[in-house]
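The values are calculated or read from the model by the stated rules, or taken from the named source; none is laboratory data. Because the structure is predicted, anything quoted here is derived from the model rather than measured. Counting neighbours? That spans all protein chains shown, and the Cβs are built from the backbone with ideal geometry, glycine included. Keep in mind that these areas ignore ligands, DNA and RNA; they rest on the heavy atoms of the full protein, side chains included. Shrake-Rupley method; radii C 1.70, N 1.55, O 1.52, S 1.80 Å.
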Amino acid sequence: MEIKELVLKGQVSLNSGNFEESLGYFEQALLLNQDDPDLWNFKAVALRSLGRYEEALECFNKSLELDPRDKHAS
């Protein structure tokens, strides 16, 4: 599966409230590309939705490390 497809499935799952499922898709996408700040950001949102705030913060920070101008990491 391509990264775009994984992200799309992850976003659909996230919007449907299937946070565990969305996290799985974002983690699969990160296996294909660890250097994309958007992927770290998506994973962080999924983790935050699951109440896993420390892990989410680590992912937001990773996103910012990769792209300090990342407007979405908040």
Return the pairs, sorted by first residue and then second, in which the second residue is open to solvent by 10 Å² or more (accessible area, probe 1.4 Å) and hydrophobic (A, V, I, L, M, F, W, C), the first residue lies in the range 18-32 and is farther than 12 Å from E2 by Cα and free of Cβ contacts under 8 Å to residues at least 60 places away in the same chain, the beta carbons are less than 6 Å apart, and the residues are 6+ apart or on different chains.
F19/L50; S22/L14
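Considering only residues that are among the aliphatic types (A, V, I, L, M) and outside any helix (DSSP H, G or I), which ones fall in the range 1-56? Show your work before the answer.
Our first condition is that a residue be among the aliphatic types (A, V, I, L, M); within the range 1-56, this holds for 1, 3, 6-8, 12, 14, 23, 29-32, 39, 44-47, 50, 56.
If the condition is that a residue be among the aliphatic types (A, V, I, L, M) and outside any helix (DSSP H, G or I), then M1, L50 are the ones that fit.
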Please pick out the residue among D67, D35 that is open to solvent by less than 70 Å² (accessible area, probe 1.4 Å) and of a type in the set (D, E, K, R).
D67
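Basic (K, R) and buried (at least 16 other Cβ atoms within 10 Å of the Cβ), is that true of R48? Step through it out loud before you land on a result.
Values: basic (K, R): yes; buried (at least 16 other Cβ atoms within 10 Å of the Cβ): yes.
Yes: the conditions hold for R48.
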